[in-house]
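K.L.:
Let me give you the structure first, and then I'll get to my questions.
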Amino acid sequence: MEKNITQSNRRSFLKVSAAAGGGMVLGFNIAGCKTEPKRPSFIEPVLEQPQAWNQMNGFLRIGENGVVTIMSPNPEIGQNVKTSMPMIVAEELDVSWDNVIVEQAGLDTDNFQRQIAGGSQSIRFGWDGLRNAGATARHMLVEAAAQKLEVPASELTTSEGVIYHKASDRSVGYGEVASAAASVEVPDPKDLKLKTTKDYKIIGKDTRNVDGFNIATGKPLFGLDIQRPGMLIAMIEHAPAFGMKLKSMDAAKAKSMPGIKDVFEINTLPEGVTAQWSDVNAFPNLVAIVGESTWQVMKAKKALKLEWEQDTAAESSSDHEANLAELVSKAPSEQARADGDVNKAFGDAAQVIEKTYNAPFLAHNTMEPMNFFAHVTEDTAELEGPVQTAQFLRPTVSAVCGIPEENISIMMTRMGGGFGRRLYGHYGTEAAVISQKVGAPIKLVYSREDDMTQGTYRPAYKVTYKAGLDADNNLIAFHVRGAGTHGSPVFANRYPAGAVANYLAENHTQESNISTGAWRAPRSNFIATAEQSFLDEVAEAAGKDPIEFRLELFEKAKSNPVGEDNDYDAERYAGVLKLVKEKSGWGTTKDGIHRGVSAYYCHNSYVAQVLEVAMENGNPVVKKVTCAVDCGIVINPEGARNQIEGGIVDGIGHAMYSALTFEKGMPKQKNFNSYRLIRHAEAPEKIDVHFVDNGEKPTGLGEPSLPPIGAALANALYKATGTRLYTQPFNEQEALLG
């Protein structure tokens with residue numbers, strides 16, 4: 001449970017200075033916070049602005065009229081933290097949400113920590129710092145009011161931006177004492193009395209997206225919206241297949257076309273520049289086309305005559321499948337985790353179940369393709385665009401362009417989707433290199449084909465599970481061996497590790513010139529489907545209800561855990577299963593309805609799901625998904641439900657329909673005419689979301705609802721068709737579903 005007092009080093013998050021035009025400025029480090037300009041109402045009234053703001057990067061500021069501005073250092077990728085994180089500050093500040101303005105800060109590593117949007121960690125990392133920032137400001141305002149009213153601070157209370165002295169029936173607004181509050185001594189965080197959950201007025205209440213009005217009315221918020229005087233448009237052409245490099249170029253026709261300024265080769269990772277993880281890019285050598293408009297540049301791009309040659313292996317999907325199959329067929333040199341004696345336990349088992357699961361490469365396919373604005377001069381660089389890791393982009397641009405980091409500014413725009421794709425900022429570097437070459441501001445724009453064929457895909461995976469049951473149908477042995485492109489999907493210390501006396505986890509890695517990267521809920525997005533599908537099959541072999549079988553294992557993990565490195569809380573894990581069992585009506589029957597269950601832990605949160613499917617005209621139709629979530633305190637239920645629902649739809653779509661395949665290094669799917677995504681009519685007809693109310697500190701929410709849904713779908717389809725599904729996408733096994 002949360003405590004009333006939270007301790008941290010005040011210097012790590014707090015700065016106070018007098019505002020130039022009066023009022024108080026409270027600067028703080030918000031680890032993992034996010035936001036952007038506008039006020040948090042869908043229909044946007046105009047707030048009266050103070051005469052002047054004393055602006056810093058990373059701060060809470062209070063105007064003389066009581067209006068509060070909260071700057072956010074991190075980008076917004078649709079996970080709604082631009083709304084939920086300011087809600088935390090406003091709650092502890094005890095201000096009316098109607099008087100809050102939220103603005104986006106640019107990259108500033110001097111004042112902010114972790115200016116990253118990734119790993120579903122923004123609220124988890126920002127929780128304490130944001131609460132302390134709001135509570136500190138409230139404390140200082142109360143102290144200033146006590147001096148003004150000449151009463152003890154202990155006799156004062158606050159509510160919605162007003163400080164009350166009930167004994168004398170007097171009150172003052174925050175704005176009236178904001179300037180004086182700047183001179184009040186900053187309290188030690190350990191002396192702050194933070195609110196308890198029962199006192200929350202903002203946290204836990206449905207709150208509209210702060211950008212909702214601007215999004216709905218088409219206001220410029222995204223990178224593709226950027227327009228600057230004198231700005232040119234740039235596009236790139238990379239090799240048509242992985243493992244190829246440019247042999248020759250004839251750009252004469254392209255250069256002669258209307259509006260085209262230049263065509264040239266660029267290298268975004270020249271010799272001597274050390275690539276970091278965020279620079280993942282299979283095509284650092286590119287051809288750039290620069291012109292006056294997107295349409296002119298696209299036409300010139302098609303007029304290029306480029307000859308490519310093979311440089312490294314030309315890989316095909318058949319090669320990947322064969323290599324992964326070979327890897328999972330043999331033991332690696334090292335074991336990731338080994339409990340008990342697995343070989344002996346399997347030898348003693350009365351029944352052994354062994355199955356292999358497969359998943360293809362996946363593209364991210366964000367709604368907004370990659371783009372970035374750059375204006376690079378002789379010794380400065382101004383960049384702006386949609387990127388999840390601005391703080392990693394700057395050192396790369398510095399190294400490639402030869403400009404000191406302190407002379408590089410990066411502003412982050414709202415993103416039209418990320419899903420991990422925009423963790424890799426190579427397109428920002430490309431924009432900077434092109435701008436430097438042409439000596440003008442440019443906006444780099446990827447086509448959908450550029451994006452889908454560039455790489456940084458979700459890896460292809462294969463995993464084999466093996467379970468041993470004794471004569472009483474108890475699970476006595478468990479073995480998992482996984483392999484994937486550039487890394488195994490197996491988490492060695494996750495469930496059912498800790499619940500089985502004899503447990504073995506092994507990993508293999510398949511090297512490839514096809515680049516891979518984080519894809520929504522990395523690794524978990526596949527392994528949860530495989531693990532939870534397999535556990536259903538083991539439960540059936542044991543003659544047990546799938547939920548009760550899982551709960552038995554959690555009880556073992558609670559009462560007699562195996563090992564000390566289990567990375568989950570068995571009580572909380574079991575809790576979401578019990579909740580989803582209750583809310584879904586598990587155990588009851590409906591005509592034509594078939595249910596599947598799944599539960600998974602990732603990004604510090606627990607999610608259990610029951611999916612209901614019906615077969616209509618030989619096709620599966622998802623009727624309902626019931627979802628139970630333990631993510632601690634829910635800041636904004638409306639935003640939280642949206643994230644969960646989106647993850648469920650996304651997970652069903654990719655498990656059922658999506659795949660990226662290769663022929664001699666070339667992606668066979670280059671746009672949505674060949675890469676299948678879920679359609680509106682294929683989404684669940686209803687999604688019910690239920691949160692565990694336990695008062696724990698909040699954890700991740702942008703990713704955890706996606707991993708388990710694939711198995712809930714597979715398990716429901718088995719009930720409907722009698723056929724187990726082992727290979728994604730499921731719809732390619734239509735014969736099995738009919």
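The values are calculated or read from the model by the stated rules, or taken from the named source; none is laboratory data. Please read these numbers as outputs of a predicted model, since none were measured by experiment. Heads up, the Cβs are rebuilt from the backbone with ideal geometry, glycines too, and the neighbour counts pull from every protein chain shown. Accessible surface areas use protein heavy atoms only, side chains included; no ligands, DNA or RNA. Shrake-Rupley method; radii C 1.70, N 1.55, O 1.52, S 1.80 Å.
K.L.:
Please enumerate the residues belonging to segment 128-155 that are surrounded by fewer than 22 Cβ atoms within 10 Å (Cβ to Cβ) and more than 41 Å from the chain's Cα centre (by Cα).
P.N.:
ALA146, GLN147, LYS148, LEU149, GLU150, VAL151, PRO152, ALA153, SER154, GLU155
K.L.:
Continuing with this model, one more query. Can you tell me how many residues in segment 258-274 are open to solvent by 30 Å² or more (accessible area, probe 1.4 Å) and out of contact with any Gly (no Cβ under 8 Å at 6 or more places or on another chain)?
P.N.:
Total satisfying the criteria: 10.
K.L.:
From the residues in segment 90-121 that are open to solvent by 10 Å² or more (accessible area, probe 1.4 Å) and within 18 Å of the chain's Cα centre (by Cα), which one is modelled with the lowest pLDDT?
P.N.:
Here the residue is GLN113.
K.L.:
Ok, one more. Please find, within segment 278-320, the residue that is least open to solvent (accessible area, probe 1.4 Å) out of those that are free of Cβ contacts under 8 Å to residues at least 60 places away in the same chain and in a helix (DSSP H, G or I).
P.N.:
By that ranking, first place goes to ALA300.
K.L.:
Please find, among ALA145, ALA133, the residue that is more than 30 Å from GLU405 (Cα to Cα) and touching a helix residue (DSSP H, G or I) at 6+ places or on another chain (Cβ under 9 Å).
P.N.:
ALA145
K.L.:
Sticking with this structure for a sec: Looking at this structure, is PHE526 aromatic (Phe, Trp, Tyr) and under 28 Å from PHE242 (Cβ atoms)?
P.N.:
Considered against the rule, which asks whether it is aromatic (Phe, Trp, Tyr) and under 28 Å from PHE242 (Cβ atoms), PHE526 comes out as yes.
K.L.:
Within segment 74-133, take every residue that is in a helix (DSSP H, G or I) and acidic (Asp, Glu) and give me the one that is farthest from ILE163 (Cα to Cα).
P.N.:
Across segment 74-133, the extreme among qualifying residues is ASP128.
K.L.:
Can you tell me which of ALA501, ALA492 is within 30 Å of GLY646 (Cα to Cα), assigned to a loop (DSSP other than H, G, I, E, B) and in contact (Cβ under 8 Å) with a residue 60 or more places away in the chain?
P.N.:
Matching residue, one of ALA501, ALA492: ALA492.
K.L.:
Residue check, ARG124 against (1) surrounded by fewer than 22 Cβ atoms within 10 Å (Cβ to Cβ); (2) more than 17 Å from the chain's Cα centre (by Cα); (3) among the charged types (D, E, K, R), all met but one. Which one?
P.N.:
With respect to (1) surrounded by fewer than 22 Cβ atoms within 10 Å (Cβ to Cβ); (2) more than 17 Å from the chain's Cα centre (by Cα); (3) among the charged types (D, E, K, R), ARG124 is out only on (2).
K.L.:
Can you give me the ranges of the helices (runs of 4 or more DSSP H) entirely in segment 631-738 with at least 1 residues that are open to solvent by less than 40 Å² (accessible area, probe 1.4 Å) and among the charged types (D, E, K, R)?
P.N.:
So the answer is 637-656.
K.L.:
Under the condition of being touching a strand residue (DSSP E or B) at 6+ places or on another chain (Cβ under 6 Å) and not hydroxyl-bearing (Ser, Thr, Tyr), which residue from segment 247-257 is surrounded by the most Cβ atoms within 10 Å (Cβ to Cβ)?
P.N.:
Here the residue is ALA254.
K.L.:
Can you tell me which of THR158, THR207 is among the hydroxyl-bearing types (Ser, Thr, Tyr), surrounded by 18 or more Cβ atoms within 10 Å (Cβ to Cβ) and not in a strand (DSSP E or B)?
P.N.:
The conditions single out THR207.
K.L.:
Among the residues of segment 316-365, which ones are touching a helix residue (DSSP H, G or I) at 6+ places or on another chain (Cβ under 9 Å) and farther than 25 Å from ALA542 by Cα?
P.N.:
Answer for segment 316-365, where residues must be touching a helix residue (DSSP H, G or I) at 6+ places or on another chain (Cβ under 9 Å) and farther than 25 Å from ALA542 by Cα: ALA359, PRO360, PHE361, LEU362, ALA363, HIS364, ASN365.
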